[in-house]
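Peer 1: Before I ask anything, let me first share the structure, which is written out below as structure tokens.
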Amino acid sequence: MSAACLPPVLGTIENALLARLKAASDSGCLGYRLKTLGSWQGQFDEPEALARMAPLFPGVWAIYTGGGDEPRSQRLWRHHAHWTLVVGTRNLRNATAGRLGGVPGEVGSYQIVQDVRRVLAGQRFGLEITPVVLGGVTSLWQGPVADQLISLYALDITVGLDLGVGVPDGWPSDATPGHGLAGATGGLGVASLTTLHLDWDPPQRTHSPLPDDADALAVDQITLPQGDPP
């Protein structure tokens, strides 16, 4: 990733994956339409809430669930970001039909899970991320809620994005002159720092001006390693 191109934020990735699912639904290639696509906000935490949300089925909701990091260079880390997508369907006839579908035009949760995985697998969404890697699938709810049969599944995906370490959001990871840290240090970026020289005195000793090498109680000079570690 070039320093001038900032990594996509997590919200951008979530919006992009939902947009791809919407495009597949709207195009008719799935053979059915998803009524709802959105961000998970704990809508199904209680059976009562699940009953209220059921009219929005079939639908898919996404939420970022965390991730792990690995170093890529001295100042760059790759974040492996995990998303969970919740697939919801309802059926007024029976639980089996809710999972498998049945009459023409009726889609089951099995089919939606399969289609979501197929539509998203290997995608980058035009962003500087690694391709989507599919994870596991978990059953969340299978059974009656009020007068309808509800089927909920969670499926996991992962993408990788590179992030600079130790600089605020919006600053290039290598702090090149004229950007970010370089601007805050008068044109000298952190990448230009090669040697750190220190003179130290205990607080009870006073100097005006500050101590130099000849008068300081302790003197140290550190040469910083340059370049990326092997």
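Laboratory data are not the source of any read-out in this text; all were calculated from the coordinates shown. This structure is a prediction, so every number in the text was calculated from the model and none was measured. FYI the Cβ positions are ideal-geometry reconstructions off the backbone, even for glycines, and counts take in every protein chain you see.
Peer 1: Listing GLU106, GLU14, GLU46, GLU128 from the residue with the fewest other Cβ atoms within 10 Å to the one with the most, what is the order?
Peer 2: Working: GLU106 16, GLU14 19, GLU46 10, GLU128 13.
With the sparsest Cβ surroundings first, the list reads GLU46, GLU128, GLU106, GLU14.
Peer 1: Rounded to the nearest 20 debye, what is the charge dipole size of the range 10-164 about its Cα centre when +1 sits on each Lys and Arg Cβ and -1 on each Asp and Glu Cβ?
Peer 2: Details: 14 positive and 13 negative charges, 77 e Å.
Rounded to the nearest 20 debye, it is 380 debye.
Peer 1: A follow-up question, please. Restricted to Cα positions, what overall size does the range 10-164 have along the principal axes? Three whole-Å values, descending.
Peer 2: So the extents along the principal axes, rounded to whole Å, are 59, 33, 21.
Peer 1: Can you give the local net charge around LEU56? Use residues other than it whose beta-carbon is closer than 11 angstrom to its beta-carbon, Lys and Arg +1, Asp and Glu -1.
Peer 2: Numbers: positive: LYS35, ARG52, ARG90; negative: none.
Result for the local shell: +3.
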